[in-house]
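The structure appears below as structure tokens.
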Amino acid sequence: MKKVYGYVRVSTREQNEDRQMIALKEVSVPERNVYMDKVSGKDFDRPMYRRLLRKLREGDLVYIKSIDRLGRNYEEILEQWRIITKERKADIAVLDMPLLDTRRGRDLMGTFLSDIVLQVLSFVAENERGNIRQRQKEGIEAAKLRGVKFGRPSKPLPENFSQIYDRWITGEISGTEAAELCNISVPTLYRKAEKYREQCFESQ
């Protein structure tokens, strides 16, 4: 009996799966047949996708929301499409692009047009990811020039930091004790102390 599956892939950093899950529900993919990976950009490990491939049988259907869910670059998207359609002999339907539905146009012309659309969209998806990364980089650089600081905000120093600093510098307490009194790490204490000395020098 032919089965219908759905595949969802999201980044572990910024995305959630709601949009893709809603789209799969709208085409009546059973929830138990939806395979989802939350993938880090570092290693792109996809255990649920590999499990889905093992499940696929000839004539089964896989829905994905967009073509870039299949891979992180042009070559990988084309390779995964080939594995599903040629090796597993299953069908794929891309919900964002109805032309990419292997159930349609099974004649030579239909297959030819589908292959062209797939290659173009795969290239566009990879190119857009590159553009997004470049825009993010440029945005961060522009923000830094405006004085925007990134990262976690620094912990405020205790009001009696000057007294703790003096006790530490004179050897009354150790650096570890001074850091504990300030509720910061020892390396942070040294950085704060350096800034404190600079401020004292500038104020003279």
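None of the figures in this text is laboratory data; all of them are computed from the coordinates on show. Quick caveat, the model's predicted, so the values are computed rather than measured. Because the Cβ atoms are built from the backbone with ideal geometry, glycine has one as well, and the counts that use them run over all protein chains shown.
Under a crude label model (7 Å from the Cα following the beta-carbon direction), how far is LYS144 from VAL27 in nanometres?
4.2
With the cut-off at 31 Å, tell me which of the pairs LYS137/LYS195; LYS38/LYS195; LYS38/LYS86; LYS89/LYS137; LYS25/LYS137 have Cα atoms farther apart than that.
On the way: LYS137/LYS195 29 Å; LYS38/LYS195 41 Å; LYS38/LYS86 26 Å; LYS89/LYS137 41 Å; LYS25/LYS137 36 Å.
Over 31 Å Cα-Cα: LYS38/LYS195; LYS89/LYS137; LYS25/LYS137.
Please give the FRET efficiency for LYS38 paired with LYS86, using the beta carbon to beta carbon distance and R0 = 30 Å, rounded to the nearest 0.05.
Working: r = 28 Å, r/R0 = 0.94.
Once the sixth-power term is evaluated, E becomes 0.60.
Provide ILE83, ILE184 in ascending order of the number of other Cβ atoms located within 10 Å of each residue's Cβ, fewest first.
ILE83, ILE184
Averaged over every viewing direction, what's the projected area of the C-alpha convex hull for the stretch 161-203? Give it in nm², one decimal, please.
If you wrap the Cα atoms of the stretch 161-203 in a convex hull and average its projections, you get 2.7 nm².
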